[in-house]
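Remarks on the structure that follows.
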Amino acid sequence: MNRLLDDLNEAQRAAVTTTEGPLLIIAGAGSGKTRVLTRRLAHILYERLAEPYQILAVTFTNKAAGEMQQRVASLLGGCIEKLSVSTFHSFCARLLRREAGELGYDTSFTIFDDIDSVSLVKSCITELGVNVNQFAPKAQRRKISNAKNQMTSADVFASSASGYFEETTARIYLLYEKRLRECNGMDFDDLLYNTVLLLKDNKAVGERYRNRFRYVMVDEYQDTNHVQYLMLKHIIGAHHNVCVVGDEDQSIYGWRGADIRNILDFEKDYPGAKVIKLEQNYRSTQTILGAASAVIAHNEARKGKTLHSSGQVGDPVKLLYVDNAETEAAKIVDYIDQGRLDTPLNEMAVLYRTNAQSRAFEEQLRRRNLPYQIVGGIAFYQRKEIKDLLAYLKLIANPLDDVSFQRIINYPKRSLGAKSVGVIMELARRESRSCYQIIANADSYPELAAILRRLMPFVDLVERFRKKHQEMPIDLFAQELVDELKLISILLDEDKTVGRTRVENIEAFIEGAATFARTNGPTTLVDYLESISLYTDLDAYQATEDKVTLLTLHAAKGLEYDSVFIVGLEDGLFPLQRAMDDPMELEEERRLFYVGATRARKRLYLSTASSRFRFGEVMSIPSRFIKEIPEELIDAVNLKTLPTRTHRPTPARSLFGDSTTDAAVPEGVHYEWDNDHAGLRPGRIVQHPTFGRGKIVGADGFGESLRLEIMFTGIGIKKIMAKYARLKVVG
DNA sequence: ATTCCCGACGTTTTT
DNA sequence: CGTCGGGAAT
């Protein structure tokens with residue numbers, strides 16, 4: 001009677017039809033999760049259990065949200081307006097746009113992206129006169145972010161801080177919050193944090209949303225962090241109709257605060273919860289699934305489930321031993337080229353641990369004229385030229401935004417350097433106004449008399465465009481701004497080599513704005529900026545074009561390909577060095593491997609290089625994950641040339657033991673290197689290029705992560721990473 | 001004020 | 001290796 005239940009297995013059908021009360025769906029890789037989610041949504045609507053606007057469905061990426069929305073629409077034969085399938089962040093942004101006043105923000109608040117946020121932290125650090133070397137803006141911002149993800153306000157953080165370092169972080173946090181508010185800005189974390197504040201503490205607002213949403217659905221629940229967890233708690237009404245879908249084996253965002261306990265403890269959190277496991281894998285061959293399952297079985301923190309493959313046995317996992325990153329790329333591109341005979345390029349993907357690894361593959365692919373696309377890397381909207389242009393738009397939309405102000409007040413050059421900006425900032429602080437508000441009234445401040453002539457054109461420009469922006473579509477607006485600033489010719493003059501691509505990026509930006517204007521009809525500048533802030537490169541990715549895809553393992557989550565190449569499988573790279581001493585982090589790396597391997601439908605290739613350039617040269621040994629795959633599933637190919645070592649050791653390398661300088665690496669799999677920095681132990685006297693002579697007084701960690709405390713004469717104790725410092729043992 | 005050069009420093013993954 | 005920031009030179 002209801003075709004929504006067609007071609008679903010029993011577990012899937014149960015998941016779709018269990019609509020009332022808390023429900024946990026454990027969805028193994030390739031088990032038809034998206035299908036279940038969309039059918040479930042459609043089922044609720046089809047059965048008239050709720051109106052579209054009464055359902056809240058959240059995912060982690062805009063792309064996933066968009067796809068889900070579309071699939072539900074096509075299941076129900078029409079477009080579903082008002083169905084809010086969105087990301088956590090965009091849902092919160094929309095809610096806050098409406099309710100910002102309740103928290104004392106203006107509704108045109110600006111969303112500070114990562115870069116903006118770090119630069120604000122940095123200026124706070126400078127303002128406090130704190131040593132920037134001791135308190136790196138990025139690290140501080142990370143701490144603030146972690147705090148917010150735990151719903152720890154600056155005040156609470158400050159009251160529990162002890163010791164100089166924590167107390168200083170607390171001061172930075174407090175000032176950062178103050179400045180952020182003055183800018184009428186929210187960072188990414190605030191979107192979630194403030195939403196929780198509202199839902200929790202504001203009776204009227206909380207009630208409104210709790211009454212509205214009759215059904216709540218969350219995808220990728222294993223990746224939710226504490227704030228997101230709280231947000232759900234506070235938005236779910238008395239009905240407790242909450243359905244979460246996830247897979248603890250695919251939790252790979254712990255470093256961003258995701259708390260795997262959310263999914264592990266769901267049944268405790270929501271008493272009476274039903275649990276449905278989807279264990280039938282429809283994607284991969286038995287071999288691939290067997291390899292992935294064998295590896296993940298080494299993890300302790302699991303609910304435990306067994307995936308069954310319905311596919312064929314398939315080819316063995318191919319394992320490549322190569323000399324270095326270049327040969328690795330060359331050989332893999334060989335395989336890609338050959339594979340082209342029966343697999344289209346868009347069905348092949350190269351997965352790596354760090355973005356930096358993409359370069360070698362790009363080179364090889366370009367050399368062979370094989371089309372490719374990279375997902376991720378430097379996000380489009382984070383490019384300098386785009387950020388600059390965006391800063392104009394942001395300042396026009398929000399004159400309180402001092403961060404954007406500082407970015408563009410002297411770009412293009414207006415002869416307003418650090419000194420002038422300093423004067424403006426001081427005035428701003430004194431008058432409790434934003435920088436822009438100060439210069440908009442520059443003539444009433446004698447301090448600005450000297451630079452008045454240089455300020456006026458800038459104010460004039462911003463004012464003219466502010467008046468304009470409601471009258472025209474956003475792309476024309478941006479175009480006029482670019483023309484007015486003469487950005488194109490400035491970019492071309494500025495830099496011969498990258499100027500051209502920057503201009504192209506500006507053009508692409510305007511193109512994107514045009515698309516936005518076309519699809520969203522008449523919108524405000526604020527809406528447009530919001531959509532950009534929450535946009536990621538991944539959202540634009542489509543595997544439809546006939547191109548090989550290069551992407552990180554993280555970015556690959558949720559995607560699938562016929563052939564998958566997981567490269568750089570070396571201890572120290574994958575798993576990363578820092579994860580190797582910590583069992584929890586190691587488990588996360590293992591899950592990452594599991595995610596990667598289960599992206600493959602038919603063929604899985606792994607590769608490991610015996611030496612790889614990373615800050616000078618580092619020898620490496622095959623990833624421990626390789627050994628966790630049953631041998632009978634692997635077809636190993638040794639492409640190493642012997643003898644291997646032809647390079648001369650760099651200064652840093654000479655610190656390592658001599659075992660690596662042996663000319664020939666034995667045939668096959670096993671080679672090791674001395675992980676100790678010979679002689680770098682307490683008591684020794686060392687020579688440092690900048691600090692001079694010093695005595696090692698403490699050591700911590702080993703190998704790559706060896707940290708030393710060295711007492712330098714006349715300087716004091718310094719903490720130094722042995723792998724970076726060019727230390728020489730002298731006594 | 002701007003430009004250019006050098007050294008320090010860091011690198012995971014991203015909504 | 002690349003980026004970024006600081007400092008000196010123009």
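Here are the numbers for this structure:
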{"read-out": "Matching option when the condition is part of a helix (DSSP H, G or I) and touching a residue at least 60 places away in the same chain (Cβ under 8 Å), among A:Val482, A:Val459", "value": "A:Val482"}
{"read-out": "Condition check for A:Thr168: touching a strand residue (DSSP E or B) at 6+ places or on another chain (Cβ under 7 Å), of a type in the set (Ser, Thr, Tyr) and away from DNA strand C (no atom under 16 Å from the Cβ)", "value": "no"}
{"read-out": "Residue within region A:571-579 that is closer than 30 Å to A:Gly28 by Cβ, within 19 Å of the chain's Cα centre (by Cα) and more than 11 Å from DNA strand B (Cβ to nearest atom) present", "value": "no"}
{"read-out": "Criterion: closer than 20 Å to A:Tyr209 by Cα, more than 10 Å from DNA strand B (Cβ to nearest atom) and basic (Lys, Arg) - qualifying residue of A:Arg97, A:Arg71", "value": "A:Arg97"}
{"read-out": "Out of A:Gly129, A:Gly78, A:Gly66, A:Gly104, sole residue that is within 16 Å of DNA strand C (Cβ to nearest atom) and out of contact with any Ser or Thr (no Cβ under 8 Å at 6 or more places or on another chain)", "value": "A:Gly129"}
{"read-out": "So A:Tyr335, is it among the aromatic types (Phe, Trp, Tyr) and in contact with an Asp or Glu (Cβ under 8 Å, 6 or more places away or on another chain)", "value": "no"}
{"read-out": "Residue match in region A:80-90 (condition: surrounded by fewer than 18 Cβ atoms within 10 Å (Cβ to Cβ), at pLDDT 90 or above and not in a loop (DSSP other than H, G, I, E, B))", "value": "no"}
{"read-out": "Inter-residue pairs, beta-carbon under 6 Å, first free of Cβ contacts under 8 Å to residues at least 40 places away in the same chain and in region A:560-582, second part of a helix (DSSP H, G or I), 6+ apart", "value": "A:Ala579/A:Glu585; A:Ala579/A:Leu586; A:Ala579/A:Glu589"}
{"read-out": "Matching entry among A:Thr354, A:Thr343 (being surrounded by fewer than 19 Cβ atoms within 10 Å (Cβ to Cβ), more than 24 Å from A:Gly499 (Cβ to Cβ) and either among the small types (Gly, Ala, Ser) or within 16 Å of DNA strand C (Cβ to nearest atom) (or both))", "value": "A:Thr354"}
{"read-out": "Hey, A:Gly66 among the small types (Gly, Ala, Ser) and over 25 Å from A:Thr224 (Cα atoms) or not", "value": "no"}
{"read-out": "Qualifying positions in region A:594-613 - assigned to a strand (DSSP E or B), among the polar types (S, T, N, Q) and buried (at least 24 other Cβ atoms within 10 Å of the Cβ)", "value": "A:Ser607, A:Thr608"}
{"read-out": "Number of positions in region A:28-63 that are under 25 Å from A:Gly237 (Cβ atoms) and small (Gly, Ala, Ser)", "value": "3"}
{"read-out": "Lone unmet requirement of (1) away from DNA strand C (no atom under 16 Å from the Cβ); (2) assigned to a helix (DSSP H, G or I); (3) crowded, with 18+ Cβ neighbours inside 10 Å; (4) of a type outside the set (Asp, Glu) for A:Gln338", "value": "(3)"}
{"read-out": "Yes/no for A:Lys200 being more than 16 Å from DNA strand B (Cβ to nearest atom) and either buried (at least 16 other Cβ atoms within 10 Å of the Cβ) or part of a helix (DSSP H, G or I) (or both)", "value": "yes"}
{"read-out": "Those residues of region A:410-424 which are more than 6 Å from DNA strand B (Cβ to nearest atom), part of a loop (DSSP other than H, G, I, E, B) and over 12 Å from A:Ile439 (Cβ atoms), in sequence order", "value": "A:Tyr411, A:Pro412"}
{"read-out": "Filtered residue count, region A:52-79, keeping only those that are free of Cβ contacts under 8 Å to residues at least 12 places away in the same chain and not in a helix (DSSP H, G or I)", "value": "3"}
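The values are calculated or read from the model by the stated rules, or taken from the named source; none is laboratory data. Computed from a predicted structure; not experimentally measured. FYI the Cβ positions are ideal-geometry reconstructions off the backbone, even for glycines, and counts take in every protein chain you see.
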